[in-house]
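Reviewing the structure listed below.
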Amino acid sequence: MVSTTWPFAVGLAIGWLIVLVRRQNGVSLGAGVEVWLATVALGMILRVIAGQGTAFAFIVVALVFLGALMLGLRLVRSRLTGTSQINGV
């Protein structure tokens, strides 16, 4: 499990670093999209560098699962609080 997780954990950390450097609101949908795409893209790149597989189905599952988790929680929060922070404002 660690061999599958570490590339995405590194991608997640770099994604959050990008959001922090740009001084975005971390709970906004825009920041969530940036972190989500950085996590998947960098995770897949690191998997290739490490000699692990990146089958098309694996990429799709990673995009859907991580997107649902990272963006779904933000959407639920915005519905419950009545706020819409798309651009991090």
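The values are calculated or read from the model by the stated rules, or taken from the named source; none is laboratory data. Bear in mind the structure is a predicted one, so any value in this text is a computation, not a measurement. We place every Cβ from the backbone using ideal geometry, glycine too, and count neighbours over all the protein chains shown.
Which of the residues that make up the range 1-33 are crowded, with 19+ Cβ neighbours inside 10 Å, assigned to a helix (DSSP H, G or I) and of a type outside the set (A, V, I, L, M, F, W, C)?
Across the range 1-33, the qualifying residues are Pro7, Gly11, Gly15, Gly32.
Taking Gly53 as the residue in question, decide whether it is in a loop (DSSP other than H, G, I, E, B) and small (Gly, Ala, Ser).
Numbers: in a loop (DSSP other than H, G, I, E, B): yes; small (Gly, Ala, Ser): yes.
Yes.
Does any residue in the range 23-37 that is of a type in the set (Ser, Thr, Tyr) come within less than 6 Å, Cβ to Cβ, of a residue that is surrounded by 16 or more Cβ atoms within 10 Å (Cβ to Cβ) six or more places away or on a different chain, and which pairs are these?
Short answer, once both residue conditions are applied: Ser28/Gln85; Ser28/Gly88.
Here's the yes/no breakdown for (1) closer than 25 Å to Gly82 by Cα; (2) hydrophobic (A, V, I, L, M, F, W, C):
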{"residue": "Ser3", "(1), (2)": "no, no"}
{"residue": "Trp6", "(1), (2)": "no, yes"}
{"residue": "Asn25", "(1), (2)": "yes, no"}
{"residue": "Ser28", "(1), (2)": "yes, no"}
{"residue": "Gly32", "(1), (2)": "yes, no"}
{"residue": "Val40", "(1), (2)": "no, yes"}
{"residue": "Ile49", "(1), (2)": "no, yes"}
{"residue": "Val61", "(1), (2)": "no, yes"}
{"residue": "Leu66", "(1), (2)": "yes, yes"}
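Would you pick out the residues in the range 75-85 that are modelled with pLDDT under 80 and of a type in the set (Ser, Thr, Tyr)?
Matches in the range 75-85: Ser78, Thr83, Ser84.
Considering Gly88, Gly51, Gly43, which residue is crowded, with 16+ Cβ neighbours inside 10 Å, small (Gly, Ala, Ser) and at pLDDT below 95? Break it down stepwise before answering.
Numbers: Gly51 fails: crowded, with 16+ Cβ neighbours inside 10 Å; Gly43 fails: at pLDDT below 95.
Going through Gly88, Gly51, Gly43 in turn, just one is crowded, with 16+ Cβ neighbours inside 10 Å, small (Gly, Ala, Ser) and at pLDDT below 95: Gly88.
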